[in-house]
Each structure stands twice: as C-alpha cells, then as structure tokens.
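The values are calculated or read from the model by the stated rules, or taken from the named source; none is laboratory data. Being a predicted model, the structure only gives us computed values, none of them experimental. Neighbour counts are summed over all protein chains in view; Cβ atoms, including those assigned to glycine, are modelled from backbone coordinates with ideal geometry.
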Amino acid sequence: MQVQRSGFAAALISLVGAVVLAAGAQAAAPKAAAPTPEQAAAVTRVAGSTQGIALSHIGKLKLECKACHGERMTPTDNETTENAACVACHGSYDKLGPQTAAKLKNKNINAHASHLGPEIACTVCHAAHSESKAYCVNCHTNFVMPMPGNTKK
Amino acid sequence: MKRRTFLASGPAAGALSLFGPAAWAVSRKETADVVVIGSGGTGLTAGLTAQADGAKVIVLEKMPITGGNTQLAAGGMNAADTRFQAQRKIADSWRTMYDDTMKGGKNINDPALVEVLAKNSAASVDWLSSIGADMSGVGRMAGASEDRTHRPAAGDAVGHNIVHAMRQTAIQRKLDVRTNSRVIKIFRNRAGRVTGVLVQNKFGEVYSIEAPVVILASGGFSADLARVAQYQPSYAGFSSTNQPGATGDGLDLGAEVGGQLRDMQHIQIHPTQAAGSKILITEAVRGNGAILVNSQGKRFVNELTTRDAASAAILAQPGGTAYLILDQDIRKSLKQIEGYYHLELVKEGNTPEDLARTLGMDPATFKATLDTYNSAQAAKKDAEFGRPDMPRPVKTGPFIAIGVRPGVHYTMGGLAINTKAQVLDKDGKPIPGLYAGGEVTGGVHGANRLGGNSISETITFGRIAGAEAAKEARAARATSVKKA
C-alpha cells in the first residue's frame with residue numbers, strides 16, 4: 001500500500017476508496033485564482049504562517065479547512081486524516097511516482113518513489129501552514145528539491 | 001527533575017520546556033502495558049513481539065517517519081547456524097560468531113550479551129523471515145570467519161527490506177505506532193519502579209502514558225556531533241552518516257532514572273563519507289584502486305591504512321576534506337559506484353587536467369600526482385606512502401572525483417543491560433520496569449562493532465525486550481488486580 005504509516009489500518013481502508021475518487025476530484029479542480037487577502041488572512045490567523053500549501057488549497061482550489069482536517073479539525077500525531085485527504089485528490093505513490101519521474105532529468109532522485117517509502121506520510125515533507133522541506137535533503141544535502149507552497153526562496 | 005506523580009495542572013503548553021516549568025500541562029492520560037521509545041529495528045521488533053504476547057503496546061517515535069537508522073542499513077545481518085547457511089553447507093557456529101564478535105570488540109564486550117547475540121541469531125533470522133523480510137542471501141563482512149551476513153537475495157538493501165516488512169506487519173496487526181511523538185520524561189516511583197512516560201507531540205501537546213514497562217529503543221548518538229566530541233575529542237570536526245534523529249536523547253532519559261552508561265568513548269567512524277551528503281562511500285572504492293588527494297591535488301596518505309589513521313589524515317588537509325580519485329576501469333570493477341553517479345556525488349573530467357580544473361586544483365600538480373602513482377603502481381612499490389596493494393592504475397578517462405570527509409557512523413556505548421534486556425543501575429541491579437535494546441545500549445559490541453552485527457542486535461534484543469516486557473506487564477497487572 002501507499003502513503004500510510006505503521007499502525008493506521010483504519011485510514012488504510014479509507015485510502016482504497018479515496019484513490020478511486022482521485023481522478024474525478026482532479027478534473028473538477030478550478031483554474032488558477034490567487035487567494036484573496038481575506039482567505040490568506042484566515043489561514044494566517046489559524047496557523048500563524050503565510051507559507052505552505054494551505055494557501056493554494058484555500059485560495060486557488062477554494063477548499064474549506066475541513067477538506068483536509070475533517071469534521072474533527074484536530075490533527076492526530078500521525079496526521080492520518082490530513083494524509084488521507086492528500087491521497088484522495090493527488091493519488092497514491094503508485095500514481096505519483098511515475099508522474100514525478102516523467103518530469104525528472106535524473107530519475108533516480110524521485111521523492112515519490114524513494115527508499116523511505118512507500119509508508120512515508122505526505123506531511124513529512126509537505127507542510128500546510130509552514131515552509132515545506134523535502135525530508136530527503138536531511139541526508140542527501142546535495143539534492144536540490146524545490147517544494148510547492150514555499151513563498152520565500 | 002524529580003517528579004513522582006502524574007500532574008494534571010501547570011503552565012500553558014506554549015511555555016513548555018524540558019528544564020523550565022515546575023509542572024507540565026498534561027492534556028490527557030492514557031494507559032498501556034508496554035511503551036516503546038523509538039521505532040527503528042529494535043523498537044518495531046519489541047513492539048510487535050510484546051503485542052503478539054498479549055500486551056497493549058504504544059510505540060512512540062519523535063521523528064515524522066518510522067524506521068530509524070535501521071532503514072538505511074546496507075550491509076546485512078550476521079547470524080550463525082541458520083537454515084540459509086545450511087542450504088549452502090557453510091560450517092558456521094554460534095561459538096565462531098561469538099569469538100569473532102569478541103575479537104572485533106577488543107574483548108571489552110559483555111560476554112554474556114555476546115553469547116545471547118550469537119545463540120539467538122538464527123532464530124532472529126527466522127522471525128524476520130516470518131514477517132515477510134527476505135534474509136535468504138548470505139555474504140560476508142569484515143571480521144567474520146565464515147559467510148554469515150544475511151540479506152535480501154535480490155539486491156534490495158537490507159534495511160529497507162526489513163523495515164518495510166515491520167511496518168506492513170504493524171499495519172496488519174494494528175500496532176499503535178505514533179510518529180511526531182517525543183518522550184520527554186520517564187517516570188519512576190518511590191519504590192524505584194518505572195511507571196510511565198511523558199510525551200510531547202508535534203503540536204506542542206503534552207500527555208502522559210501510564211505503563212508498568214518502558215522499553216528504550218531510541219538508537220545511538222552519532223548525529224549529535226557535540227556529544228560525540230564530548231566523549232571522543234579527537235572526532236571533533238567529523239560529520240555524521242546517521243539519520244537526523246540519532247541524537248541520543250534516549251540515553252539521557254535512561255540516565256535520568258538511574259541507568260548506568262558504559263563504553264561511551266567507543267565511537268565508530270568512517271573515513272570516506274561523501275562531502276555534502278550523509279552517504280558512505282564504501283571502502284571497496286579504495287580497495288579496488290582509488291587514491292585520495294587533497295584540494296591541492298596531492299596524495300597524503302596510504303589509502304588502505306586504518307579507519308582512524310585515514311580519517312585523521314583527511315581532517316589534517318585544507319578544509320578537512322579530500323577527493324577519492326578513480327578512473328573508468330575502477331568504476332567498472334564496482335557496482336556501488338553507479339549508485340554514486342545516481343546520487344550526483346561524482347565529478348568527471350576527460351583528462352586529469354580537465355578534472356583538476358573542475359575541482360579548482362592546479363592541473364600540472366594533479367597530473368604529476370597521477371603519473372607518480374601510476375609509476376608506483378606499475379613497479380608495485382609506493383615509495384611515497386607505502387600503500388601495500390595497488391590493484392589498478394588511474395589512467396582511463398573520463399577521470400572521476402568524489403569529495404569525501406570523515407563521518408561518525410556508530411556509537412558502541414550506551415545503557416548497561418543484562419541478558420533479559422533490563423537496564424542496570426549504577427550498582428548493576430535491574431531498574432524495575434525499564435528495558436533497552438539496540439544502539440542505545442552498550443556492551444554487545446565492546447570497543448568496535450563488526451559490520452552486520454547491529455541489525456542482528458536490534459532483532460535479537462528487540463525480541464527479548466518485547467517478550468520480557470510483556471511478561472512483566474502481565475505480572476504487574478495481576479498484582480494490581482490482587483490489590484484492588
């Protein structure tokens with residue numbers, strides 16, 4: 001399986017359904033529109049940051065907080081709900097791996113098909129309310145891995 | 001910090017610090033039979049084992065991912081008297097593995113722990129196989145008298161293979177594994193018994209878990225370079241090959257409740273870690289013919305000297321770094337070198353002069369270094385540095401450079417344990433309810449760990465700690481029922 005970490009069998013089951021939905025969800029995603037100042041301010045207010053992928057999800061995609069956080073709105077230590085939400089729209093590593101590889105010059109350095117996977121969670125690298133950092137570069141400090149959602153370089 | 005009870009009140013969570021407040025704001029209390037600190041090979045093995053023995057287990061991992069250093073292991077797992085050896089008619093025995101391990105550790109290992117390691121190693125291979133790991137390949141690493149390094153037959157790296165099997169088994173069995181969860185305190189009551197832990201999660205929330213048994217499986221401290229230099233000042237300036245979580249906080253947790261530390265000054269290093277990366281460049285690159293030059297393009301050492309001497313020589317060069325220099329024939333002789341290309345650790349030049357210019361060296365000096373070495377290689381005599389074996393010249397372009405520096409790789413020392421994986425106090429008595437296994441402990445490897453022995457240690461002592469912990473938790477539960 002994909003994107004799940006140890007101990008989260010429940011989320012694993014929901015994953016199967018989520019992957020099926022992925023194609024439709026992507027097709028329905030609206031085209032670019034910058035977050036309104038109000039929307040950006042809302043994220044900043046809640047999470048204390050103007051960085052991260054929450055901005056594009058709220059602004060461009062017009063998603064509500066609970067689209068990622070669920071009705072409970074409180075992430076668990078493993079951020080299970082949030083990671084399942086990533087997979088629901090973006091697909092599992094089975095899909096993301098080849099998709100990412102297609103864009104790479106050096107196909108050996110593929111964050112979505114790495115030796116840390118396939119259980120590694122999306123939120124290990126992708127942060128919604130702060131700067132994102134590829135976990136790879138903790139050890140492979142020579143890798144250049146730009147991350148979506150980082151507003152400062 | 002003396003804390004004997006679970007606190008329900010204190011300052012706001014935002015003001016928390018390990019040393020600051022007099023009390024913690026504990027947001028909730030949970031209970032478990034066994035708490036495991038760390039989710040590398042030892043932690044997941046202990047957690048799965050205790051759970052299989054009927055215990056309610058919570059595994060806590062401070063990092064965002066499970067697997068620790070184990071998932072990075074590339075060598076293999078030493079084991080003797082295994083069925084995979086029998087299939088190959090390899091005449092090994094636990095006694096030979098014991099002797100090799102004691103010799104490698106300069107005989108300061110705890111002999112009782114080494115005996116446990118060697119005698120249980122075959123059963124540990126079987127256990128790993130039973131949860132889906134592939135240990136059917138058998139090779140040999142340095143210091144072993146027989147082929148006993150077990151690894152996946154199809155070339156998958158051993159660490160990835162076994163951690164993947166453990167994670168999948170944990171998912172199937174609904175083992176409660178929590179990432180982003182740092183233990184900041186182990187509780188010990190007046191009677192001396194461990195009673196649980198205090199946990200801080202990624203969001204700053206602090207909660208307690210009451211448990212009669214705690215297993216420390218938190219790994220070594222190779223990634224905490226200040227701590228390394230404190231125990232071994234000659235390794236100041238080294239880099240680390242370890243995952244960023246290997247900072248040794250588990251040693252502090254154990255020491256705070258009275259655990260005895262041993263052999264802390266014994267730290268394993270590697271002379272050729274790729275500069276600007278945590279990747280180890282295998283010694284076989286030098287073994288197969290590569291030379292070391294400094295940033296001025298000059299050789300400075302017998303490349304095949306001991307790890308300590310080679311590391312010290314590299315550190316003494318300008319910038320504390322050096323380059324491995326090789327050619328296409330040496331590249332062809334060793335599969336791993338392709339991996340260094342994949343990871344973009346390699347620089348090339350069609351001629352020695354081209355490569356020198358890429359590296360910012362004087363081309364004539366570098367060319368002269370290669371010419372001198374190649375003459376020595378042809379004459380089979382290295383007059384400059386006395387290198388005993390020069391299997392290949394460095395003459396077929398494009399020429400290759402890999403920047404390297406010495407790295408800290410493994411910490412042999414740690415908490416003293418007995419053969420049941422119980423942590424010992426300063427008087428050598430077990431601390432009731434506290435167990436430990438893997439790199440956080442000392443004694444198994446003595447002064448020097450043999451390649452392939454640490455995976456073996458994690459599985460064997462993880463299984464022992466898990467089984468003993470489940471047993472003790474059962475006994476503790478029976479006692480509390482009787483009291484009630």
Does region B:74-96 contain any residue that is polar (S, T, N, Q), in a strand (DSSP E or B) and at pLDDT 95 or above?
yes
Just one of B:GLY104, B:GLY139, B:GLY143 is touching a Leu at 6+ places or on another chain (Cβ under 8 Å) and farther than 24 Å from B:ALA421 by Cα; which is it?
B:GLY143
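Answer yes if at least one residue in region B:410-432 is at positive phi and in a loop (DSSP other than H, G, I, E, B), and no otherwise. Working first, answer last.
Let us first name the residues in region B:410-432 that are at positive phi, namely B:414, B:421, B:428.
Retained after the next criterion (residues that are in a loop (DSSP other than H, G, I, E, B)): B:421, B:428.
Yes, that holds for at least one residue.
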Inside region B:298-312, the number of residues satisfying the requirement of being of a type in the set (A, V, I, L, M, F, W, C) and more than 13 Å from B:GLY386 (Cβ to Cβ) is 2
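Only helices (runs of 4 or more DSSP H) wholly contained in region A:58-144 count here; list those with 3 or more residues that are within 14 Å of another protein chain (Cβ to nearest Cβ). Quick ask: steps written out before the conclusion?
Numbers: elements: A:65-69, A:80-90, A:93-101.
Answer list for region A:58-144: A:80-90.
Checking the conditions here, which among B:PRO430, B:PRO352 is out of contact with any Asp or Glu (no Cβ under 7 Å at 6 or more places or on another chain) and within 30 Å of B:GLY254 (Cβ to Cβ)?
On the way: B:PRO352 fails: within 30 Å of B:GLY254 (Cβ to Cβ).
The match here is B:PRO430.
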Any idea which of (1) at positive phi; (2) in contact with a Ser or Thr (Cβ under 6 Å, 6 or more places away or on another chain) is the one B:LYS380 doesn't satisfy?
(2)
Residue set B:ARG190, B:ARG140; condition basic (Lys, Arg), under 22 Å from B:ALA473 (Cβ atoms), more than 14 Å from chain A (Cβ to nearest Cβ) and over 18 Å from the mean Cα position of the chain (by Cα); output residue B:ARG190
Given (1) in contact (Cβ under 8 Å) with a residue 60 or more places away in the chain; (2) in a helix (DSSP H, G or I); (3) under 16 Å from B:THR42 (Cα atoms), index of the condition B:MET102 fails
(3)
Subset of region B:257-274 (residues that are buried (at least 22 other Cβ atoms within 10 Å of the Cβ) and among the aliphatic types (A, V, I, L, M))
B:ILE267, B:ILE269, B:ALA274
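Among what's in region B:145-163 and is without any contact (Cβ under 8 Å) to a residue 60 or more places away in the chain and out of contact with any strand residue (DSSP E or B) (no Cβ under 9 Å at 6 or more places or on another chain), pick the residue that is nearest to the other protein chains (Cβ to nearest Cβ).
Within region B:145-163, the subset without any contact (Cβ under 8 Å) to a residue 60 or more places away in the chain is B:145, B:152-156, B:161.
In the following step, the residues that additionally are out of contact with any strand residue (DSSP E or B) (no Cβ under 9 Å at 6 or more places or on another chain) were identified as B:145, B:156.
Numbers: B:SER145: 31, B:ASP156: 9 Å.
In this case the residue turns out to be B:ASP156.
Working carefully through the options B:MET63, B:MET77, B:MET97, find the one that is more than 14 Å from chain A (Cβ to nearest Cβ), farther than 15 Å from B:ARG151 by Cα and aliphatic (A, V, I, L, M).
That would be B:MET97, the only listed residue that is more than 14 Å from chain A (Cβ to nearest Cβ), farther than 15 Å from B:ARG151 by Cα and aliphatic (A, V, I, L, M).
Name every residue in region B:104-123 that is of a type in the set (A, V, I, L, M, F, W, C) and in contact with a Gly (Cβ under 6 Å, 6 or more places away or on another chain), in order of residue number.
Matches in region B:104-123: B:ILE108, B:LEU113.
In this structure, does B:LEU198 turn out to be among the aliphatic types (A, V, I, L, M) and away from every other protein chain (no Cβ under 14 Å)?
Details: among the aliphatic types (A, V, I, L, M): yes; away from every other protein chain (no Cβ under 14 Å): yes.
Yes.
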I need the full set of residues from region B:272-317 which are in contact with a strand residue (DSSP E or B) (Cβ under 7 Å, 6 or more places away or on another chain), assigned to a helix (DSSP H, G or I) and among the hydrophobic types (A, V, I, L, M, F, W, C), in order please.
B:VAL285, B:ALA310, B:ILE314, B:LEU315
Candidates B:ASP382, B:ASP389, B:ASP371, filtered to the one that is surrounded by fewer than 17 Cβ atoms within 10 Å (Cβ to Cβ), under 36 Å from the mean Cα position of the chain (by Cα) and either in a helix (DSSP H, G or I) or not hydroxyl-bearing (Ser, Thr, Tyr) (or both)
B:ASP389
Considering each residue of region B:326-353, count those that are more than 15 Å from B:ARG405 (Cβ to Cβ) and either among the hydrophobic types (A, V, I, L, M, F, W, C) or in a loop (DSSP other than H, G, I, E, B) (or both), and give that number.
12
Please give the number of the condition A:MET147 fails out of (1) at the interface with another protein chain (Cβ under 10 Å from one of its Cβ atoms); (2) in a loop (DSSP other than H, G, I, E, B).
(1)
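Mind listing whichever residues of region B:1-60 are aliphatic (A, V, I, L, M) and modelled with pLDDT under 95?
Hits for region B:1-60 are B:MET1, B:LEU7, B:ALA8, B:ALA12, B:ALA13, B:ALA15, B:LEU16, B:LEU18, B:ALA22, B:ALA23, B:ALA25, B:VAL26.
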Got a sec? Which of B:GLN260, B:GLN243, B:GLN273 is in contact (Cβ under 8 Å) with a residue 12 or more places away in the chain, within 14 Å of chain A (Cβ to nearest Cβ) and closer than 23 Å to B:VAL197 by Cβ?
B:GLN243
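Somewhere in region B:249-270, is a residue assigned to a loop (DSSP other than H, G, I, E, B) and of a type in the set (Lys, Arg)?
Quick first cut of region B:249-270, residues assigned to a loop (DSSP other than H, G, I, E, B) only: B:257-258, B:260, B:263-266.
So of that shortlist, the ones also of a type in the set (Lys, Arg) come out as none.
For region B:249-270, residues assigned to a loop (DSSP other than H, G, I, E, B) and of a type in the set (Lys, Arg): absent.
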When you scan region B:323-343, how many residues do you find that are within 11 Å of another protein chain (Cβ to nearest Cβ) and either surrounded by fewer than 16 Cβ atoms within 10 Å (Cβ to Cβ) or of a type in the set (Gly, Ala, Ser) (or both)?
4
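For (1) under 30 Å from B:ARG405 (Cα atoms); (2) buried (at least 17 other Cβ atoms within 10 Å of the Cβ); (3) touching a strand residue (DSSP E or B) at 6+ places or on another chain (Cβ under 7 Å), each residue gets a yes or a no:
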{"residue": "B:LYS185", "(1), (2), (3)": "no, yes, yes"}
{"residue": "B:ARG188", "(1), (2), (3)": "no, yes, yes"}
{"residue": "B:GLU205", "(1), (2), (3)": "no, yes, no"}
{"residue": "B:LEU216", "(1), (2), (3)": "no, yes, yes"}
{"residue": "B:ASP224", "(1), (2), (3)": "yes, yes, no"}
{"residue": "B:PRO244", "(1), (2), (3)": "yes, no, no"}
{"residue": "B:ALA255", "(1), (2), (3)": "no, no, yes"}
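Condition check ((1) within 14 Å of another protein chain (Cβ to nearest Cβ); (2) within 24 Å of the chain's Cα centre (by Cα); (3) of a type in the set (A, V, I, L, M)) across all residues:
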| site | (1), (2), (3) |
| --- | --- |
| B:ASP249 | no, yes, no |
| B:GLU256 | no, yes, no |
| B:GLN265 | no, yes, no |
| B:ALA290 | no, no, yes |
| B:ALA312 | no, yes, yes |
| B:GLY319 | no, no, no |
